[in-house]
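Asks: Take this structure, written in structure tokens, and hold onto it; I'll ask about it next.
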Amino acid sequence: MKNKTISNVIFSAGYQILILFVPLVTTPYVTRIFSPNQIGIYAASLAIVSFFVVGATFGLPLFGSREIAKATFEKRDRLFYEFFSLQFLTSIGFYVVFLIIAVIFKLSKYYYLQSLLILVNIFDVSWFYIGIEEIKRTLYRNFLSKIFTMVSIFIFVKTKNDLNIYIGLNIMGMLLGNLLMIFQLRRFIKAKFIFIWPDFNMAKRSFGILISQMISSAKSSFDRIILLALTGSNSFVGIYDQGRKIINIIIAVSNSATIALLPKMTSTMQDKTNKYKLNSMLQKIVPVIFIGSIFLGSSIYLNAANFVSVFFGKGYGDVTEVLKIFSLALLVLPINYFLLNGIILPKSHDKQYREIFIVSAIVLFVGNLVLDKPFGFMGAAVAFIISEYTIFFYIIFLLRRDRSIAFYLIPFITSFFDYFFINLTSEFLVKSMKLSIDGIILFLLTAVVTSVYFILVHIIILAVYKLVKK
């Protein structure tokens, strides 16, 4: 069991990397073809459609995987078909709702094209594979679909007039990946396909998770919409979106271990007599998450300028400042994800789960409304930071009865000071290297030097800690 959990962590990391593999590889190519204004149009249309895609999933990515993980082998087939039938109905329903809204507000052709993602969602059964701890299946499908998308973009996207082709290729890649997962189901689902009307109580519980996910999606989508509405600048949206994209890639990889551990955490929490095992897991995982957060945050801050010049090219220099602000969010984003999906959700505290997202969404929306117009994309980035720190402190408040607040708060305070110490002391190293070299060599060298410096500093800190402890 332990080996399988470790294997799933590794496969989950690969899964998350491949989900974002195409934007990571194609972004330097795409940003040299499309202007920030066009990237902003793409980001705004995708943001709106993504909200409906989340609605179409109806909470199954979390609720479905959790229930599949708890189900016996005999009940698994029927439960899968019930969830799949629910996903089919909700996908069709949300697609119709989107079309009505698109007609009323006279949205552009890009929105209609992006809306096909809602229908593609019908065939996304990744929640099933996560539930049965067969995450490697999702890795295989992503490898093929993402390679198809990446190669197609390099072949067919050539000029500024190819934005619709770019959107279409991304949709086709998602469809291919989902269909590949459907074809592999016969290994795990023995019963023939049947349409099962979802049980009302089950749908109601899934809907409870959906509310939280839609609020989270609104947070991820509407910040761009508010920024566009208040500033009227697609370029601002494009700059902000590129910064968020890089953070999303980093966090997706960072959170992969939590995704793989979710079924394990769920089964451990079901055993009320095994509290020692849960505490032992937390004592090992939480410090590692905070140390990783410091490394991610300081790496982004110190290497932002060199990274942007190499990765995005001309016209995207403002992404540097956005990334530097976002680096502060990396101190709490990984631990927030772990606490939400590794502790609160497996304990079936769905009400608390919703409360957290509602509070953070309110904070984000108010922050955007206050900061976006006077400060543009910088204001939107600050609003995002405030929202994520609100999530962390609110989670700590809710978990105060489960264990001491200091268990999470002390590592957070330590990591906060550690982050600033690393950034301040590494600044002169980064500046000195700029005097002699430039371009991709400079970026790679600064990344290596700052990483080595981070490791050396923490080896010294660990040695001093052990000495004082003795």
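The values are calculated or read from the model by the stated rules, or taken from the named source; none is laboratory data. Please read these numbers as outputs of a predicted model, since none were measured by experiment. Cβ sites come from the backbone with ideal geometry, for glycine too, and all protein chains shown count toward neighbours. Surface areas here come from the heavy atoms of the whole protein model, side chains and all, with no ligands, DNA or RNA. Shrake-Rupley method; radii C 1.70, N 1.55, O 1.52, S 1.80 Å.
Asks: Exactly one of (1) over 22 Å from the mean Cα position of the chain (by Cα); (2) of a type outside the set (Asp, Glu); (3) under 30 Å from ILE153 (Cα atoms) is unmet by TYR81. Its number?
Replies: Status for TYR81: all satisfied but (3).
Asks: Can you pull out the residues in the stretch 393-410 that are over 24 Å from the mean Cα position of the chain (by Cα) and either modelled with pLDDT of 85 or more or assigned to a loop (DSSP other than H, G, I, E, B) (or both)? Don't jump to the end; show me each part of the working.
Replies: Here is the first cut: in the stretch 393-410, the ones over 24 Å from the mean Cα position of the chain (by Cα) are 400-407, 410.
Those that are over 24 Å from the mean Cα position of the chain (by Cα) and either modelled with pLDDT of 85 or more or assigned to a loop (DSSP other than H, G, I, E, B) (or both): ARG400, ARG401, ASP402, ARG403, SER404, ILE405, ILE410.
Asks: Another question about this same structure. Across the stretch 334-377, what is the number of residues that are basic (Lys, Arg) and assigned to a loop (DSSP other than H, G, I, E, B)?
Replies: 1
Asks: Collect the residues in the stretch 76-120 that are over 25 Å from ALA44 (Cα atoms) and open to solvent by 50 Å² or more (accessible area, probe 1.4 Å), keeping them in residue-number order.
Replies: Matches in the stretch 76-120: ARG78, PHE88, LEU89.
Asks: Scan the stretch 112-124 and report the pairs whose first residue is free of Cβ contacts under 8 Å to residues at least 12 places away in the same chain and whose second residue is aromatic (Phe, Trp, Tyr) and open to solvent by 50 Å² or more (accessible area, probe 1.4 Å), with Cβ atoms within less than 8 Å and a gap of 6+ or a chain change.
Replies: No pair meets every condition.
Asks: Right, next: Working carefully through the options PHE357, PHE407, PHE377, PHE416, find the one that is in contact with a Phe, Trp or Tyr (Cβ under 8 Å, 6 or more places away or on another chain) and open to solvent by less than 80 Å² (accessible area, probe 1.4 Å).
Replies: PHE377
Asks: Also, I was wondering about something else. Tell me, please, whether a residue that is in a helix (DSSP H, G or I) and either free of Cβ contacts under 8 Å to residues at least 24 places away in the same chain or of a type in the set (Lys, Arg) (or both) can be found in the stretch 40-58.
Replies: no
Asks: Please go through the stretch 165-218 and pick out each residue that is open to solvent by 20 Å² or more (accessible area, probe 1.4 Å) and free of Cβ contacts under 8 Å to residues at least 40 places away in the same chain.
Replies: ILE165, MET172, LEU176, PHE183, ARG186, ARG187, LYS192, PHE200, ASN201, LYS204
Asks: Anything in the stretch 235-250 that is of a type outside the set (Lys, Arg) and either buried (at least 22 other Cβ atoms within 10 Å of the Cβ) or at pLDDT 85 or above (or both)? List them, or say none. Walk me through it before giving the result.
Replies: Of all residues in the stretch 235-250, those of a type outside the set (Lys, Arg) come to 235-243, 246-250.
Passing the criteria: SER235, PHE236, VAL237, GLY238, ILE239, TYR240, ASP241, GLN242, GLY243, ILE246, ILE247.
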